[in-house]
Amino acid sequence: MTEYAHLDPALRSLADLSQRERIERIRADRWVDYPRAREALARLDELFLFPKRARMPNLLIFGPSGMGKTMIVEKFARAHPPVFDAASGVHRKPVIVLQMIPSPDEGRFYHRLLAVIGALPPTRATLGQLETQALFLLGEVKPRMLVIDEVQNLMAGSNREQRRMLNLLRFLGNELRIPLVCLGSHEARDAIRGDAHLNSRFDPFGLPPWRYDADFHGLMGSLLRTLPLRAPTELGESALKRIVEVTGGVTSAIFRLTTDLAVEAIASGAERITPADIFERRVASPTPELAS
């Protein structure tokens, strides 16, 4: 095997694979480490270990679509997978992740929550029955964190509907005594602010678009070290600034652009991304899997 010092040590063997295999690896989902993501994961870890108390702290991770909010939470959830408790015969779910329904409706929310837990709601159940079943089963699976994505969907309802859903979230946090983590756009922050009591418990954590700075250098360095190209890619200031320009600083668009260029570099035999490749690109669209 040839030594590829420009790649992460754990990934160097991938550079010896065939073109087809390397292209498949490049196009697959992968975690890319960078400081802001590490900080978000550290905040999640802190909440996960927080002891139960009457007023639990919560976290709101917000930013434009495509900045990697969902990717961060998925990595955190993978680090805390369900565990089967042989004594009780129940699968414990330390982290429950669900998406907010498209418009605020308490019954539909409980249906979504029960589906994520893996339970069927009673036929024609009343809201009270859904609530009772959800609380009982949550007590069985013993989550230590409830994560709700796309919280800005609350804004689709009337003021009354929004208040009812915010009350529901506050009720769940109080009843279960576990931290809530909400994800969404800047509108998600406005939605949480609709309940003064709930808002006071949420610590905001923003993921703004990238700018050309040291953190962006770190992101690109980490990303390039994951791509199994056989020759090192060297990008100067102008090329990196161009990446920020054509992608709008959106993480998913940056990943898409870099992935496309890496695939082309393998297919052409160039085995590296050049500044000229970047300046020939005008726009990069966010990939669906990294769109949140």
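The values are calculated or read from the model by the stated rules, or taken from the named source; none is laboratory data. Given the structure is predicted, the values throughout are model-derived calculations rather than measurements. Positions of Cβ are generated from backbone atoms using ideal geometry, with glycine treated the same way; all protein chains shown enter the neighbour counts.
Would you point out which residue out of Glu24, Glu74, Glu3, Glu46 is at pLDDT 90 or above and not assigned by TED's automatic domain parsing to the domain that holds Arg170? Selected residue: Glu24, the only one of Glu24, Glu74, Glu3, Glu46 that is at pLDDT 90 or above and not assigned by TED's automatic domain parsing to the domain that holds Arg170. Which numbered condition trips up Arg43, out of (1) touching a strand residue (DSSP E or B) at 6+ places or on another chain (Cβ under 7 Å); (2) closer than 20 Å to Met155 by Cβ? Checking Arg43 against (1) touching a strand residue (DSSP E or B) at 6+ places or on another chain (Cβ under 7 Å); (2) closer than 20 Å to Met155 by Cβ, the one that fails is (2).
Determine whether region 56-64 contains at least one residue that is among the small types (Gly, Ala, Ser), surrounded by fewer than 21 Cβ atoms within 10 Å (Cβ to Cβ) and in the same structural domain as Gly184 (by TED's automatic domain parsing).
Quick first cut of region 56-64, residues among the small types (Gly, Ala, Ser) only: 63.
Restricting the remaining residues to those that are surrounded by fewer than 21 Cβ atoms within 10 Å (Cβ to Cβ) gives none.
Among the residues of region 56-64, not one is among the small types (Gly, Ala, Ser), surrounded by fewer than 21 Cβ atoms within 10 Å (Cβ to Cβ) and in the same structural domain as Gly184 (by TED's automatic domain parsing), which makes the answer no.
A single member of Pro94, Pro64 is under 30 Å from Glu39 (Cα atoms) and touching a His at 6+ places or on another chain (Cβ under 6 Å), and it is Pro94.
Report yes if Gly194 is part of a loop (DSSP other than H, G, I, E, B) and surrounded by fewer than 16 Cβ atoms within 10 Å (Cβ to Cβ), otherwise no. It is true that Gly194 is part of a loop (DSSP other than H, G, I, E, B) and surrounded by fewer than 16 Cβ atoms within 10 Å (Cβ to Cβ). When Val83, Val32 are checked against the criterion of being surrounded by 15 or more Cβ atoms within 10 Å (Cβ to Cβ) and either within 21 Å of Arg112 (Cα to Cα) or among the hydrophobic types (A, V, I, L, M, F, W, C) (or both), a single residue qualifies: Val32. Against the numbered list (1) outside any helix (DSSP H, G or I); (2) touching a Pro at 6+ places or on another chain (Cβ under 9 Å); (3) closer than 25 Å to Pro51 by Cβ, Cys182 comes up short only at (2). Restricting region 151-166 to residues that are over 27 Å from Ala54 (Cβ atoms) and either small (Gly, Ala, Ser) or in contact (Cβ under 8 Å) with a residue 60 or more places away in the chain (or both), the residue that is surrounded by the most Cβ atoms within 10 Å (Cβ to Cβ) is Gly157.
Report yes if His91 is under 30 Å from Gly157 (Cα atoms) and within 25 Å of the chain's Cα centre (by Cα), otherwise no.
Working: under 30 Å from Gly157 (Cα atoms): no; within 25 Å of the chain's Cα centre (by Cα): yes.
When the stated conditions are applied, His91 does not pass them.
Count of region 198-229 residues, restricted to those that are in contact with a helix residue (DSSP H, G or I) (Cβ under 7 Å, 6 or more places away or on another chain) and under 30 Å from Leu168 (Cβ atoms), is 6. Taking first residues from region 81-96 that are not assigned by TED's automatic domain parsing to the domain that holds Leu137 and partners that are at pLDDT below 80, no Cβ contact under 9 Å between residues at least 6 apart in sequence or on separate chains turns up. Close Cβ contacts (under 9 Å, 6 or more residues apart or on different chains) running from residues in region 188-207 that are in contact (Cβ under 8 Å) with a residue 40 or more places away in the chain and under 13 Å from Ile61 (Cα atoms) to residues that are among the acidic types (Asp, Glu) and assigned to a loop (DSSP other than H, G, I, E, B) comprise Ala188/Glu150. Just one of the listed residues (Leu223, Leu169) is within 22 Å of the chain's Cα centre (by Cα), crowded, with 21+ Cβ neighbours inside 10 Å and in a helix (DSSP H, G or I), and it is Leu169. Taking (1) aliphatic (A, V, I, L, M); (2) touching a Gly at 6+ places or on another chain (Cβ under 6 Å); (3) under 24 Å from Glu131 (Cα atoms) in turn, Leu207 satisfies each apart from (3). Taken together, the criteria place Ala15 among residues that are within 13 Å of Thr226 (Cβ to Cβ), of a type in the set (Gly, Ala, Ser) and surrounded by 15 or more Cβ atoms within 10 Å (Cβ to Cβ).
Under the condition of being modelled with pLDDT under 90 and surrounded by fewer than 14 Cβ atoms within 10 Å (Cβ to Cβ), the residues counted in region 112-131 number 5.
Taking region 29-50 only, how many residues are part of a loop (DSSP other than H, G, I, E, B) and under 17 Å from Thr70 (Cα atoms)? Steps first, please.
Here is the first cut: in region 29-50, the residues part of a loop (DSSP other than H, G, I, E, B) are 29-34, 49-50.
From what's left, under 17 Å from Thr70 (Cα atoms): 29-34.
Residues meeting the conditions: 6.
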